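Since every read-out is calculated from the coordinates, none of them should be taken as a lab result. Everything numeric here is computed off the predicted structure, so don't read it as measured data. Here the Cβ positions follow ideal geometry from the backbone for every residue, glycine too, while neighbour counts run over all protein chains shown.
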Amino acid sequence: MLPYKRQDIPAQKFMTRIYAAPMEGITGYIYRKEHASHFGGCDRYFMPFIDPKDHASLMKKEKKDIAPENNTGIPVVPQILTNRADRFLTTARMLEDLGYGELNLNLGCPSGTVVSRGKGSGFLTSPDRLRAFFEKIFDGLADSSLLLSVKTRLGMKSPEEMAALMEIYNDYPISELIIHARVREDYYKHPVRLEAFQEALSVSRHPICYNGDLLDFEAVERFRKRFPQVDRLMLGRGMIAEPGLPLQLAEKGPDQAWKAKPMDYLALQDFMEDLCDRYEAEIGNNALFKMKEIWTYMLPRFEVPGPMKKKLIKSRRLSDYRIQARALFFEAISA
Ligand SMILES: Cc1cc2nc3c(=O)[nH]c(=O)nc-3n(C[C@H](O)[C@H](O)[C@H](O)COP(=O)(O)O)c2cc1C
């Protein structure tokens, strides 16, 4: 079975659509598959970007991530990072041939090397070039049923840039606009800019998905109180820290209210052990680094003594890591 095509993506199951954010180095196919089978709750998993080079060629790692056999039965959306319409179109056709019905364009990546090449959030500084790019790609996709969404920041330096960008987005048939409510210079730390998000929301002709700092259940509830009209939310670091969060948001009570639940450490342990096994089978001892990166997001949520956390992060071998992780879960579960 191929990955979901547009027509295969299940009808909206929940009142609010929950999307898993693309996170390069973390939410690759192994993570997505384990997350979907252990927790689920995500209407879509956006894949970390692929960055087509000359002749739209992809790196081995990128090819593996988009391979249909690695995404079977999971509602995934590939993401393309480029400012070249020719490369975008060749890649989009290739993805369409693989069975994908929906793609996403990355206009948010803040990394220095990406921005200096005018890609990701670097593309936001050239509205005229961005318009010309959209003109070409939508012209090139005229005979295709591919859906294209855009993931954007509010600008490069100032959220005031967003008004001109919204005029461009509004002129093209994008399927939804995912707004990470920061500018590039904010990277991931500056508080999200909800006033500027509100302005973009008020002028958008497209469905809007909100992204940024929905780090826990309470943050999602606060956001929903302020913006009840936004019915699509994308979770990044909050989901990595708490993989059960999307499901918790998906499972509303009979009164349609979200219910806060304590962390299910047993389910989390099961997930983390399977994830580690899958990584080990795929990349051997390098699984250690993958697992430790994920733990940097999860550890602050664990109420266990600091030295235990330190031991886990400092483990040098996969076997040590497994012992420390088990000890940590044992402590958290019995606390
Ligand atoms: C390690 C890391 C990798 C990321 N990789 C991508 C990516 O490949 N594509 C993308 O559009 N955004 C990427 N992002 C941004 C996230 O998708 C998201 O927009 C950001 O983390 C803000 O959402 P959050 O506050 O829910 O985490 C990445 C973020 C981080 C921290």
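Take the residues in the range 148-164 that are hydrophobic (A, V, I, L, M, F, W, C) and surrounded by fewer than 21 Cβ atoms within 10 Å (Cβ to Cβ), then tell me which one is nearest to the ligand (Cβ to nearest atom).
M156
Got a sec? Which of L58, L81 is crowded, with 19+ Cβ neighbours inside 10 Å, closer than 20 Å to V114 by Cα and touching a residue at least 12 places away in the same chain (Cβ under 8 Å)?
Of L58, L81, the one residue that is crowded, with 19+ Cβ neighbours inside 10 Å, closer than 20 Å to V114 by Cα and touching a residue at least 12 places away in the same chain (Cβ under 8 Å) is L81.
Among the candidates L249, L233, L245, L201, single out the residue that is surrounded by 14 or more Cβ atoms within 10 Å (Cβ to Cβ), within 15 Å of the ligand (Cβ to nearest atom) and within 17 Å of I179 (Cβ to Cβ). Give the derivation first.
Numbers: L249 fails: within 17 Å of I179 (Cβ to Cβ); L245 fails: within 17 Å of I179 (Cβ to Cβ); L201 fails: within 15 Å of the ligand (Cβ to nearest atom).
Just one listed residue meets the conditions, L233.
Take E303 and tell me if it is among the charged types (D, E, K, R), over 23 Å from I18 (Cα atoms) and not in a helix (DSSP H, G or I).
It is true that E303 is among the charged types (D, E, K, R), over 23 Å from I18 (Cα atoms) and not in a helix (DSSP H, G or I).
Which of (1) over 23 Å from the mean Cα position of the chain (by Cα); (2) surrounded by 22 or more Cβ atoms within 10 Å (Cβ to Cβ) is the odd one out, the single condition D139 does not satisfy?
D139 satisfies all of (1) over 23 Å from the mean Cα position of the chain (by Cα); (2) surrounded by 22 or more Cβ atoms within 10 Å (Cβ to Cβ) except (2).
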